[in-house]
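Down below is the structure, laid out as structure tokens.
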Amino acid sequence: MHLFSYIFAFILISISIIGYGYIFNKYTLKIDKINIGYLGLIGIFFLTFLAYLFNIFIPLSDKFNFFLHLLGVIFFSIFFIKNFSPNKNHFKFFGLFLIICLFFIFTAKTHDDFEYYHFAYIHLLNFENTQIGIGQFNNGFRVPSSIFYFSSLFYLPYLKHDIIHLGSIFFTLFINVIFLIKIIDYKDNKNLRFLVYLSLIGLIISNIFFYRLGEHGTDRSAQILVILLFIEVLYIVNLNKENYKFILPKIIIIITLIASLKAFYLIYIFVLIPILIYQKEKLLFIKNIFILKSTYFSIAFFFIVLLTYFVNSGCFIYPLGLSCFNVLWAIPINEVNDWNNYYQLWSKAGATPNFKVSNPEEYIKYFNWLPNWINIYFFNKVSDYLLSILFISIIFFFYFFSKYKIKVKKVKYRLIYIFLVFLFIEWFFYHPALRYGGFHLIALITFIPISLYLQNYDFDKKIFFKKLLIIFSIILLISVGRNINRVIKETDIYNYNVFANPSYNRNFQNFKIYGQIKEVINCKSNCSNNPIKSKKIFGRNIFYR
């Protein structure tokens with residue numbers, strides 16, 4: 001694949017996403033005071049919703065995707081450029097992070113689960129419309145992430161599967177733009193300066209800790225979104241007046257994207273409770289939620305995501321046994337429960353690809369798992385992350401500490417912080433792996449108090465801006481440097497040549513599962529040895545045992 005084609009496709013898709021975000025917001029959501037970063041997130045939301053919707057009826061083929069993005073580029077060229085007039089710096093920020101993200105997208109190695117089921121699921125979406133019971137073929141098919149549907153739209157003529165692994169980089173791109181805009185917008189507001197520090201932490205997490213695109217999978221985009229979510233939540237509860245109608249739709253969109261990326265992140269919908277408690281006119285707040293068009297689109301999005309889970313596995317939230325029904329294609333309930341226990345076992349260091357404890361059911365009970373988890377997982381994965389967070393905390397404290405103490409408005413945060421602590425306890429007790437929600441929870445619990453403390457100290461505006469510029473420059477230099485170093489290593493390990501073929505290693509493509517599905521569909525006789533059967537009802541293939 002040609003390097004120019006690779007970069008050109010990435011840029012055009014970015015533009016297409018903004019085009020759809022602009023059109024969807026202007027004619028449907030109508031969110032005021034919106035920046036180019038949020039238009040990107042709304043574009044991801046809308047395109048993912050369209051992918052779910054259209055795949056019910058048709059495959060998301062290369063021709064369909066080509067015309068879809070062509071339309072997005074037209075929207076951008078005709079409507080967005082002509083009518084949208086944000087701060088000119090916002091375009092510069094978008095251009096800057098577009099360049100930075102180029103260093104992310106050159107990768108030979110995809111996520112470890114890409115070959116297991118990510119590629120196979122996306123490939124199925126590109127060649128078939130919705131089929132029933134495909135969870136029979138692969139456990140990963142029972143927990144499809146919305147990023148698969150979003151990524152399936154990158155299967156294009158000539159490029160084919162070469163860029164379908166780039167889905168998470170678009171989240172990184174637009175969230176980074178939002179973080180930077182918040183830093184610029186809030187830097188001179190002494191009552192909101194704590195949000196500047198939190199936005200800096202968001203940039204550090206997404207660009208330094210999450211610098212490897214191959215490690216994103218279905219988890220890390222959601223974790224970056226959660227950091228953004230809590231920044232918006234802290235902002236909305238500290239507004240001087242009840243002017244939250246332009247923020248609340250963003251929060252609803254963010255929650256929807258988070259929950260669609262990973263089912264257990266559905267718990268973040270409860271963040272609306274502390275927001276409600278802080279409101280003076282609670283009934284009016286609830287009423288306003290249901291006036292918003294974003295609420296109804298999010299409900300529709302949630303519905304189609306849960307319906308996809310059910311169509312694939314017979315469970316609305318797999319592997320939660322209470323959500324499963326005894327339909328023809330359902331995964332047996334004992335198997336659902338076994339997988340539920342296995343996910344806990346894996347996250348509690350009771351199982352690896354080469355190891356499994358002898359008494360798994362007893363192991364995951366109470367805190368029986370804790371000593372082994374500390375030995376195997378805490379040292380050195382969690383401990384290294386904690387040390388990194390401590391190091392950044394010390395740097396932030398001394399770098400932004402000042403002898404000039406000022407009086408600022410009291411920040412409302414306690415209920416939100418308690419909610420975070422509750423989420424941390426839930427994470428630690430049920431799935432204490434950093435990739436399952438630990439990164440952002442540890443970061444937020446650590447840096448919210450530090451940010452609130454540092455807000456009490458002031459600098460001259462020019463000095464503060466220089467400090468922000470230096471920190472921001474260091475973040476970008478470290479991110480770019482680590483990615484360049486990664487590409488050099490992958491060149492040696494995987495014989496990767498970014499100029500000859502910048503896409504990922506073809507060995508990570510898995511066509512086997514689709515072949516098994518077609519084999520079951522086409523099997524007319526002598527199929528008794530295959531436990532998976534199929535029948536066609538109303539033009540749909542139903543796979544069952």
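Taken together, the values in this text are just the output of simple stated rules run on the coordinates, not laboratory data. Quick caveat: nothing in here was measured; it's all calculated off a predicted structure. Quick reminder, even Gly has a Cβ in these numbers, built from the backbone with ideal geometry, and neighbours come from all protein chains shown.
Given R0 = 35 Å, the distance between the Cβ atoms of Leu284 and Asn189 translates into a calculated FRET efficiency of 0.85. With a cut-off of 12 Å between beta carbons, the residues surrounding Leu420 carry a summed charge of 0, where Lys and Arg count +1 and Asp and Glu -1.
Straight Cα distances below 18 angstrom link Lys356 to the lysines Lys348, Lys365, with same-chain residues fewer than 8 positions distant left out.
In the structure shown, the pairs Lys109/Lys160; Lys30/Lys182; Lys245/Lys462; Lys88/Lys262; Lys405/Lys466; Lys26/Lys245 are assessed against 25 Å; a Cα-Cα span above that value is assigned to Lys245/Lys462; Lys88/Lys262. Computed from backbone phi with θ = phi - 60° and the Karplus coefficients 6.51, -1.76 and 1.60, the 3J(HN,Hα) list for segment 398-408 is 6, 6, 9, 6, 9, 7, 9, 8, 10, 9, 10 Hz; x is used for glycine and proline. For every other residue with a beta carbon closer than 14 angstrom to the beta carbon of Asn359, add +1 if it is Lys or Arg and -1 if Asp or Glu, then tell me the sum. Net of charged neighbours comes to +1.
The residues packed around Ala500, meaning those with a beta-carbon under 14 Å from its beta-carbon, carry a net charge of -1 if Lys and Arg are +1 and Asp and Glu are -1. Computed extension gain for Lys293 through Ile56, at 0.36 nm per residue and net of the alpha carbon distance, reaches 83.0 nm.
In this structure the amide hydrogen of Asn541, modeled in the peptide plane, comes within under 5 Å of the amide hydrogens of Ile132, none closer than 5 places in sequence on its chain. Across segment 1-158, the relative contact order, built from alpha-carbon pairs under 8 Å that are at least six residues apart, equals 34 percent. The helix-only estimate of mean residue ellipticity at 222 nm for the chain, built from DSSP H runs of length n ≥ 4 each weighted as -39500 (n - 2.57), is -18500 deg cm²/dmol after division by the residue total. Assuming charge only on the beta carbon of Lys and Arg (+1) and of Asp and Glu (-1), the dipole of segment 306-382 about its Cα centre is about 240 debye to the nearest 20.
Within straight-line reach of Lys536, meaning a Cα separation under 26 Å, sit the following lysines at least 8 residues removed in sequence or on another chain: Lys512, Lys518, Lys524. Normalised by the number of residues in segment 103-179, the mean separation of alpha-carbon contacts (under 8 Å, six or more apart) gives a relative contact order of 29 percent. Students often forget the sequence filter, so: which aspartates and glutamates lie under 19 Å Cα-Cα from Lys33 once same-chain residues fewer than 8 apart are removed? Here the aspartates and glutamates satisfying the reach criterion relative to Lys33 are Asp185, Asp188, Glu232, Glu242. Which residues in segment 458-485 place their backbone N less than 12 Å from a point set 7 Å from the Cα of Lys405 along the Cα-to-Cβ direction? What the label zone holds, given the 12 Å backbone N cut-off, is 458.
Neighbour counts of C-beta atoms inside 10 Å place Val143, Val421 in the sequence Val421, Val143, starting with the fewest.
The packing ranking, built from the mean of other Cβ atoms within 10 Å per residue, places the peptides 209-218, 94-103, 334-343 in the order 209-218, 94-103, 334-343, highest first.
In this label model, Thr446 and Tyr494 are separated by 2.9 nm, measuring between points 7 Å along each Cα→Cβ vector. Contact order, relative form, for the chain: 22 percent (alpha carbon pairs under 8 Å, 6 or more residues apart, mean separation divided by residue count). Each peptide in 394-407, 3-16 was scored by the mean count of other Cβ atoms within 10 Å over its residues; highest first, the order is 3-16, 394-407. Note that segment 417-425 has calculated 3J(HN,Hα) couplings of 5, 4, 4, 4, 4, 4, 5, 5, 4 Hz, one per residue in order, obtained from phi through the Karplus relation 6.51 cos²θ - 1.76 cosθ + 1.60 (θ = phi - 60°); glycine and proline are x.
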